[in-house]
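S.K.: What follows is a structure written as structure tokens; I'll ask about it next.
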Amino acid sequence: MAAGATMHTFDVDLSDVDRGVYESFSLRAAKHPSETEAFMLTRVLAYCLEYTEGIAFSEGISTKEEPAVLVRDATGSITTWIEIGAPDASRLHFGSKLAERTVVYTHRDPVKVAAAWNGKRIHEGERIELRSFGPGFVEKAVAAVGRRNTLTVSIIEGRLYLELGGESYDAELLSRPAIG
């Protein structure tokens, strides 16, 4: 954990009907002082939405060699490179070359995020998926985040249902190619 980081715990009940994933697990997410609450919650949601064997948070936002969230296979190779927010083109290029799959989860306007990558060199950029949530979803939900959280995440027919801090939220999961 980085110096000055605030630890948040999430007891998660995940029901991803679309992928057939049903799990309960606990997450510890260290929020770095330079990281916004919206970024941290997006990172936690990305972990839940990509949940599979081998998923983990990286060492933190200070590392250049790994994304915020990643999936490794049994050999230790990175199979899925998961960026958060609005990473620069060079990170996407690096991740796309290294992993079989690259995906970005953003709490920002996806059109503006993708516009920053236009004309940049990104390995297989058309295969990179940019995922976002309906407008205002993360901003509303972040108000319910505490140091200890019970989080229920359900995905049904491309819609995300979230229970956090006694409040319920829902949004359409939006997906588009990062380039093109």
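S.K.: Assuming a strict under-27 Å limit between Cα atoms, what lysine pair count do you get for the chain once near-sequence pairs (fewer than 8 apart, same chain) are dropped?
M.R.: 10
S.K.: Next question, about the same structure. Remind me, relative contact order of region 85-132 in percent, using alpha carbon pairs under 8 angstrom and six or more residues apart? Please list the in-between numbers first.
M.R.: Values: 63 pairs, mean separation 25.4, N = 48.
Once normalised by length, the contact order is 53 percent.
S.K.: What value in Å³ per residue do you get for the convex hull of the alpha-carbon atoms in region 95-180?
M.R.: Value for region 95-180: 122 Å³ per residue.
S.K.: Give, rounded to the nearest 20 debye, the magnitude of the charge dipole that the chain has about its Cα centre when Lys and Arg contribute +1 at Cβ and Asp and Glu contribute -1 at Cβ.
M.R.: Here the chain has a charge dipole of around 600 debye.
S.K.: Order of E139, E157 from fewest to most other C-beta atoms within 10 Å?
M.R.: Values: E139 13, E157 8.
By the 10 Å Cβ count, ascending: E157, E139.
S.K.: Determine, from the Cβ-Cβ distance of K120 and D73 and an R0 of 25 Å, the FRET efficiency 1/(1 + (r/R0)^6), rounded to the nearest 0.05. Please report the intermediate quantities before stating the final value.
M.R.: Working: r = 29 Å, r/R0 = 1.14.
For K120 and D73, the calculated efficiency is 0.30.
S.K.: So which trypsin sites (Lys or Arg not before Pro) in region 138-180 end up in coil per DSSP with only 11 or fewer other C-beta atoms within 10 Å? Show your work: numbers first, answer last.
M.R.: On the way: sites: K140, R147, R148, R159; in loops: R147.
Loop-located and lightly packed - R147.
S.K.: Could you tell me which of I179, S132, I122 has its Cα farthest along the dipole of region 102-180 towards the positive end, charges placed at Cβ (Lys, Arg +1; Asp, Glu -1), taken about the Cα centre?
M.R.: I122
S.K.: 222 nm [θ] for the chain, helices only, -39500 (n - 2.57) per DSSP H run of 4+, per residue, to 500? Write down the numbers at each step before the final one.
M.R.: Working: 4 runs with 35 residues, N = 180.
For the chain, the value works out to -5500 deg cm²/dmol.
S.K.: Here's another thing I want to ask about it. Add +1 for every Lys or Arg and -1 for every Asp or Glu among the other residues with Cβ under 12 Å from the Cβ of I156, and state the total.
M.R.: Values: positive: R19, R159; negative: D16, D18, E157, D170, E172.
Neighbour charge sum, excluding I156 itself: -3.
Throughout, read-outs are computed from the coordinates displayed, never taken from laboratory work. Nothing here was measured: the structure is a model prediction, and the numbers come from that model. Quick reminder, even Gly has a Cβ in these numbers, built from the backbone with ideal geometry, and neighbours come from all protein chains shown.
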